[in-house]
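For reference, the structure discussed in these notes is given below.
The values are calculated or read from the model by the stated rules, or taken from the named source; none is laboratory data. Treat the numbers as computed from the prediction; the structure is a model and nothing was measured. Please note: Cβ atoms are built from the backbone with ideal geometry, for glycine as well, and neighbour counts cover all protein chains shown. For the accessible areas, the whole protein counts, side chains as well, though only heavy atoms, and no ligand, DNA or RNA atoms are used. Shrake-Rupley method; radii C 1.70, N 1.55, O 1.52, S 1.80 Å.
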Number of protein chains: 2
Amino acid sequence: MKERPVTRATLGRLPQYLQLLRKLRDENVQNISATAIAGRLSLGEVQVRKDLCAVSGAGRPRIGYEISGLIESLEKILRYDKCTSAVLVGAGKLGRALLEYDEFEEYGVKIIAAFDCNEHILKKGGSTEILPLNNFESFCKTNNVQIGIITVGAGSAQEVCDLMIKNGISAIWNFAPCKLNISENVILKQEKLALSLAHLNNQLLRI
Amino acid sequence: MKERPVTRATLGRLPQYLQLLRKLRDENVQNISATAIAGRLSLGEVQVRKDLCAVSGAGRPRIGYEISGLIESLEKILRYDKCTSAVLVGAGKLGRALLEYDEFEEYGVKIIAAFDCNEHILKKGGSTEILPLNNFESFCKTNNVQIGIITVGAGSAQEVCDLMIKNGISAIWNFAPCKLNISENVILKQEKLALSLAHLNNQLLRI
């Protein structure tokens, strides 16, 4: 499989392809064309070819894609072979809302624990444990945590970020509305929910 | 002011410019160059020129931008002159987390009410009221609601969407993980939080 960067838009469609291909495999279908995939999923044919090309190369003329191989490539890209472990710090409303999202695992990421310094919302034994922040260091030592999700307020975000990096986390998803200082080898994704709404508003005003 | 589409990235930087320019106005500064703005905000000069060009046209050689005019243009784009009204349906954890976001108003959108069919979370008299869904129709009739935010589960999202459109809402921000059928004159922004995480994960795996 070629390791190319996969765009966010392509990534978003991969679970659909995977679902369809698994269904076809169960029906003992062995090959499928880009045209047929596009038709089944109401997508453009060019888009399907482009998406699948980024994932596993082109289909073969008159034969199309070999379904089992394509499933394997998709599972690899979506990391179904090996889920990445994430932790979340800040179990307020937003943090707990994210803990309830089932979709993350579909994309190969599992939130294995959440942390908070407010003792009132600590929870053990649920689907995802909410642990005291004091346990963060020891938890990271025994679990291979790669992604850190920050859902604390802007005032504590940098401190949480530093703690995460100190404990070996190399990718950070920040919901706090503030700029974080990180070292070069850390990947940062700044989530700006307000921007989505601003963009929608801007489109609305141009109708 | 030229009415051009403003990109999401540009929009995201506008409040920074506005904040700086207001500060300069208070100090009785009348003009500023793109170079000076870029330096103050640690942004690239080309980016500053491009952003401000989308908002109000180019600065004048040797004089730069006239601060008061630029403030006016920014306020207009960010709709500080007239906030757009939004309502939210589904006051679960995510919905209530969004109600607590202060940032939306910075971009000209105000969530004026939230609705839920669960009587236990109804709340009156807080910063944003959570009202019973039965009141939705009459509320929309008396308030000019333009944006609808859907934070219910995937199972009820289409029903809520239809209700919003029926009541004159023309822009929808959907957090439910499902495709919505809408008429052509309605703007839809599908929020896919899982995709941000998937993208971060994908970058992580390519280090």
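Among the residues of the stretch A:71-94, what is the count of those that are facing chain B (nearest Cβ under 9 Å) and either at pLDDT 95 or above or under 30 Å from A:Leu24 (Cβ atoms) (or both)? Lay out the reasoning, then the answer.
The first filter runs over the stretch A:71-94 and keeps only residues facing chain B (nearest Cβ under 9 Å), leaving A:77-79, A:84, A:86, A:92-94.
Subset that is either at pLDDT 95 or above or under 30 Å from A:Leu24 (Cβ atoms) (or both): A:77-79, A:84, A:86.
Residues that pass the stated criteria total 5.
Regarding the stretch B:78-92, can at least one residue be identified that is closer than 30 Å to A:Tyr101 by Cβ, assigned to a helix (DSSP H, G or I), open to solvent by 20 Å² or more (accessible area, probe 1.4 Å) and not assigned by TED's automatic domain parsing to the domain that holds B:Asn28?
No, there is no match, as no residue in the stretch B:78-92 is closer than 30 Å to A:Tyr101 by Cβ, assigned to a helix (DSSP H, G or I), open to solvent by 20 Å² or more (accessible area, probe 1.4 Å) and not assigned by TED's automatic domain parsing to the domain that holds B:Asn28.
Residues to consider are B:Leu205, B:Leu200; find the one that is within 8 Å of chain A (Cβ to nearest Cβ), crowded, with 22+ Cβ neighbours inside 10 Å and under 22 Å from A:Glu106 (Cα atoms).
The conditions single out B:Leu200.
Pick out the one residue from A:Ile182, A:Ile172, A:Ile165 that is surrounded by 20 or more Cβ atoms within 10 Å (Cβ to Cβ) and more than 7 Å from every other protein chain (Cβ to nearest Cβ).
Details: A:Ile182 fails: surrounded by 20 or more Cβ atoms within 10 Å (Cβ to Cβ); A:Ile165 fails: surrounded by 20 or more Cβ atoms within 10 Å (Cβ to Cβ).
Being surrounded by 20 or more Cβ atoms within 10 Å (Cβ to Cβ) and more than 7 Å from every other protein chain (Cβ to nearest Cβ) holds for just one of A:Ile182, A:Ile172, A:Ile165, which is A:Ile172.
Going through the stretch B:185-194 one residue at a time, which ones are closer than 30 Å to B:Gly168 by Cβ and at the interface with chain A (Cβ under 7 Å from one of its Cβ atoms)? If you could, list the steps in order and put the result at the bottom.
If we filter the stretch B:185-194 for residues that are closer than 30 Å to B:Gly168 by Cβ, which is where we start, we get B:185-193.
The answer is B:Ile187, B:Lys189, B:Glu191, B:Lys192, B:Leu193.
If the requirement is being at pLDDT below 90, of a type outside the set (Ser, Thr, Tyr) and in contact with a Lys or Arg (Cβ under 8 Å, 6 or more places away or on another chain), which of these qualifies: B:Gly64, B:Gly108?
One residue alone meets the criteria, B:Gly108.
Give me a count of the residues in the stretch A:1-49 that are of a type in the set (A, V, I, L, M, F, W, C), open to solvent by less than 90 Å² (accessible area, probe 1.4 Å) and away from chain B (no Cβ under 14 Å).
Residues in the stretch A:1-49 being of a type in the set (A, V, I, L, M, F, W, C), open to solvent by less than 90 Å² (accessible area, probe 1.4 Å) and away from chain B (no Cβ under 14 Å): 10 in total.
Just to be sure, is B:Val160 part of a loop (DSSP other than H, G, I, E, B), more than 10 Å from every other protein chain (Cβ to nearest Cβ) and closer than 18 Å to B:Glu137 by Cβ? First the steps, then the outcome.
Numbers: part of a loop (DSSP other than H, G, I, E, B): no; more than 10 Å from every other protein chain (Cβ to nearest Cβ): yes; closer than 18 Å to B:Glu137 by Cβ: yes.
So B:Val160 does not fit the description; no.
Can you find a residue that is assigned to a strand (DSSP E or B), facing chain A (nearest Cβ under 9 Å) and either without any contact (Cβ under 8 Å) to a residue 24 or more places away in the chain or touching a Ser or Thr at 6+ places or on another chain (Cβ under 7 Å) (or both) anywhere in the stretch B:123-131?
The answer is no; no qualifying residue exists.
Sort through B:Lys23, B:Lys50 and tell me the only one that's farther than 20 Å from B:Ala9 by Cβ and among the charged types (D, E, K, R).
After applying the criteria, what remains is B:Lys23.
Those residues that are open to solvent by less than 50 Å² (accessible area, probe 1.4 Å) and assigned to a loop (DSSP other than H, G, I, E, B), I need them from the stretch A:93-117; list them, please.
Answer for the stretch A:93-117, where residues must be open to solvent by less than 50 Å² (accessible area, probe 1.4 Å) and assigned to a loop (DSSP other than H, G, I, E, B): A:Tyr101, A:Tyr107, A:Gly108.
Looking only at the stretch A:132-146, decide whether some residue is within 13 Å of chain B (Cβ to nearest Cβ), open to solvent by less than 30 Å² (accessible area, probe 1.4 Å) and within 30 Å of A:Pro177 (Cα to Cα).
Restricting attention to the stretch A:132-146, the residues satisfying the condition of being within 13 Å of chain B (Cβ to nearest Cβ) are A:144-146.
Narrowing the set further to residues that are open to solvent by less than 30 Å² (accessible area, probe 1.4 Å) leaves A:145.
Next, only the ones that are within 30 Å of A:Pro177 (Cα to Cα) stay: A:145.
Among the residues of the stretch A:132-146, at least one is within 13 Å of chain B (Cβ to nearest Cβ), open to solvent by less than 30 Å² (accessible area, probe 1.4 Å) and within 30 Å of A:Pro177 (Cα to Cα), which makes the answer yes.
Report whether or not B:Ile187 is open to solvent by less than 50 Å² (accessible area, probe 1.4 Å) and closer than 28 Å to A:Thr7 by Cα.
Here the answer is yes, as B:Ile187 does meet what is asked.
Filtering the stretch A:53-77 down to residues that are of a type in the set (Ser, Thr, Tyr) and open to solvent by 20 Å² or more (accessible area, probe 1.4 Å), which residue is nearest to A:Ala9 (Cα to Cα)?
Of everything passing the filter in the stretch A:53-77, A:Ser56 is nearest to A:Ala9 (Cα to Cα).
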